[in-house]
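Okay, structure first, notes after.
The values are calculated or read from the model by the stated rules, or taken from the named source; none is laboratory data. Here the structure is a predicted model, which is why all the values come from computation and not from measurement. Every residue, glycine as well, gets a Cβ built from its backbone with ideal geometry; the counts of neighbours run over all protein chains shown.
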Amino acid sequence: MWILDVVTLVVALAAGALAVVALRRQTVARRTPGVDALPEDVLGLRQEVAALRAETGDALRHLAVVRYDAFGDMGGHLSWSLALLDDAGNGVVLTSIHGRSDARTYAKNVTGWSSQQQLSPEEEEAVAHARP
């Protein structure tokens, strides 16, 4: 009779072990998405990134500032040129030249990383530094 009790105990332990293994597999399957869902998620993310790139292509996000002394008798690098450009190199260069008694500010259009107006060396340097 005790052999029957031992066999019953072994079968019960084996069934319990199989139940634990099945439960663990089920828990892991709930935590990680299925392999079939991954390509759809990746495709959606790629489409979102492409849409964001298209929307921000004309944003003025390339910028550079060059500070300098416009006149030899003044120090402190109070004059500056600022380039604000989009991905295609379109935008504006702002320049402020500070003298002893006055300050002058200029704006020049930039198209395709160059300007139809004559750029000063400092303005050209600002555009060059803004270019990726």
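Observations, loosely collected:
- Filter result for Arg100 (more than 13 Å from Glu123 (Cα to Cα), at pLDDT below 95, surrounded by fewer than 13 Cβ atoms within 10 Å (Cβ to Cβ) and under 31 Å from the mean Cα position of the chain (by Cα)): no
- In the stretch 68-80, residue farthest from Ile97 (Cα to Cα) [restricted to those that are surrounded by 13 or more Cβ atoms within 10 Å (Cβ to Cβ) and touching a Phe, Trp or Tyr at 6+ places or on another chain (Cβ under 8 Å)]: Tyr68
- Ala88, sole failed condition from (1) surrounded by 10 or more Cβ atoms within 10 Å (Cβ to Cβ); (2) modelled with pLDDT under 85; (3) in the same structural domain as Pro121 (by TED's automatic domain parsing): (2)
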